[in-house]
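Accompanying notes for the structure given below.
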Amino acid sequence: WLGGPRYLTSWRWSWESLTHPVCLTFSVFVSAGCAVKDYGNLVFEEVVDDEPIGRVKHVRAVGSANQRLSEAVHAVKRDGHTSVMLGGDHSLAIGSIHGHSAAVGELSVIWVDAHADINTPLTSPTGNIHGQSMSYVLRELQSKIPVLPNFSWIRPCVSAKDLVYIGLRDVDPEEHYILKLLGVKVFSMSEVDQLGIARVMEETCDYLFSKVKKPIHLSYDIDAIDPSVTPATGTPVVGGLTYREGVYITEQVCQTGLLSAVDMVEVNPLRGQTEEEVQSTVSTAVDLLCGCFGRLREGNHPSDYR
Ligand code: DIR
Ligand code: MN
Ligand code: MN
Ligand code: MN
């Protein structure tokens, strides 16, 4: 059911260590006949004296980790694979998007999340870089990004018109201002309620592919899904996507034939209260990845292989 000789290529990122979902994902894909190339974990050196800058925490560590990550994704794309990045918090999208773009050029970014993650280092209320990722890679925000240690390698590489959000329901006032100012396409949970997920996906594709069809970078924060299904995550927010809506997004993205890199992030077994909570979160993340690579709920059979 993988639609041809596609490769699942993974970079495991252990910022908020994630181990057993990785094994699960690989065994699912291998048993489905998918060629999986595991590029292994990225290991990052300790950064000492990583004092906050303004409010922003772990600047040097996150900056240098993302530089390595960017080079890693660049290499995966150069090898001709679809990149799968298993995280880890959402700050890894900085390096993932950067490396992806360095290899293939202009991208469409589909950001599925309860949060917009578009605070700048100056607007961030928490200082968490995982709430700021998009601001570092968006061209339109470059004049708003201060010089930060270990971030000088970053070249902004995404245009606001090539970005679509799905699932938003916890957006800071400053983030809301930025989204309006840049005219970013947003399907918040309100639009999901209003239009239904099928029209949201139709409109997402119409919007992104109206001119040229660019490779898709899907950045999927597991907290987009309702915490009743995926509670083992850092910042759960009530009122999220159902399991079915979440999977439907991946099926539709797969159908475009343009999926070039996926981040599956904020899956954090340490945040589960019970083994059931962890299992439910992890198996949902696996199902979302399977959807990305061609598994259909109607079923699949071998002639699906090209
Ligand atoms: C908040 C929360 N907007 C921030 N964002 C989160 O920290 O910037 N993003 N949790 O994942
Ligand atoms: Mn996020
Ligand atoms: Mn989030
Ligand atoms: Mn987050």
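The values are calculated or read from the model by the stated rules, or taken from the named source; none is laboratory data. Quick caveat, the model's predicted, so the values are computed rather than measured. Glycine also receives a Cβ, built like all others from the backbone with ideal geometry; neighbour counts cover every protein chain displayed. Each accessible area value is taken on the protein alone, full model and side chains, heavy atoms only, with ligands, DNA and RNA left out. Shrake-Rupley method; radii C 1.70, N 1.55, O 1.52, S 1.80 Å.
For (1) of a type in the set (V, I, T); (2) at pLDDT 95 or above, each residue gets a yes or a no:
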site: C157; (1), (2): no, yes
site: I166; (1), (2): yes, yes
site: E175; (1), (2): no, yes
site: L182; (1), (2): no, yes
site: V186; (1), (2): yes, yes
site: V200; (1), (2): yes, yes
site: T204; (1), (2): yes, yes
site: S210; (1), (2): no, no
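Where residues in the range 111-146 are among the β-branched types (V, I, T) and away from ligand 2 (no atom under 13 Å from the Cβ), which of them is nearest to Q252 (Cα to Cα)? Per the stated criteria, the residue is V137. Remark: V238 falls outside the filter, which requires a residue to be modelled with pLDDT of 95 or more and either in a helix (DSSP H, G or I) or surrounded by 14 or more Cβ atoms within 10 Å (Cβ to Cβ) (or both).
Note on the range 98-147: residues that are away from ligand 1 (no atom under 12 Å from the Cβ), open to solvent by 10 Å² or more (accessible area, probe 1.4 Å) and either small (G, A, S) or more than 21 Å from R55 (Cβ to Cβ) (or both) amount to 10.
Count of the range 170-188 residues, restricted to those that are outside any helix (DSSP H, G or I) and more than 12 Å from ligand 2 (Cβ to nearest atom), is 7. Looking across the range 147-168, the residues that are in contact (Cβ under 8 Å) with a residue 40 or more places away in the chain and part of a loop (DSSP other than H, G, I, E, B) come down to L148, P149, N150, F151, W153, I154, R155, C157, S159. When each of H90, H100 is tested for being within 16 Å of ligand 3 (Cβ to nearest atom) and either touching a Ser or Thr at 6+ places or on another chain (Cβ under 7 Å) or more than 24 Å from V253 (Cα to Cα) (or both), the lone residue that passes is H90.
For the range 215-230, the candidate set comprises residues that are open to solvent by 20 Å² or more (accessible area, probe 1.4 Å) and more than 15 Å from ligand 1 (Cβ to nearest atom); within that set, the residue that is nearest to I110 (Cα to Cα) is P215. The lone criterion from (1) assigned to a helix (DSSP H, G or I); (2) charged (D, E, K, R); (3) within 24 Å of V73 (Cβ to Cβ) left unmet by R244 is number (3). Filtered by the rule that a residue be closer than 27 Å to K144 by Cα and open to solvent by less than 50 Å² (accessible area, probe 1.4 Å), the range 184-214 gives V184, V186, F187, S188, L208, K214.
Restricted to the range 154-182, and to residues there that are within 17 Å of S96 (Cα to Cα) and open to solvent by 40 Å² or more (accessible area, probe 1.4 Å), the residue that is farthest from the chain's Cα centre (by Cα) is R155. Listed here are the strands (runs of 3 or more DSSP E) enclosed by the range 28-131 that have at least 2 residues being closer than 26 Å to D206 by Cα: 82-86, 108-112. Cβ separations smaller than 6 Å between residues 6+ apart or across chains give the following pairs from the range 260-278 residues that are surrounded by 24 or more Cβ atoms within 10 Å (Cβ to Cβ) to residues that are among the aromatic types (F, W, Y): M264/Y220.
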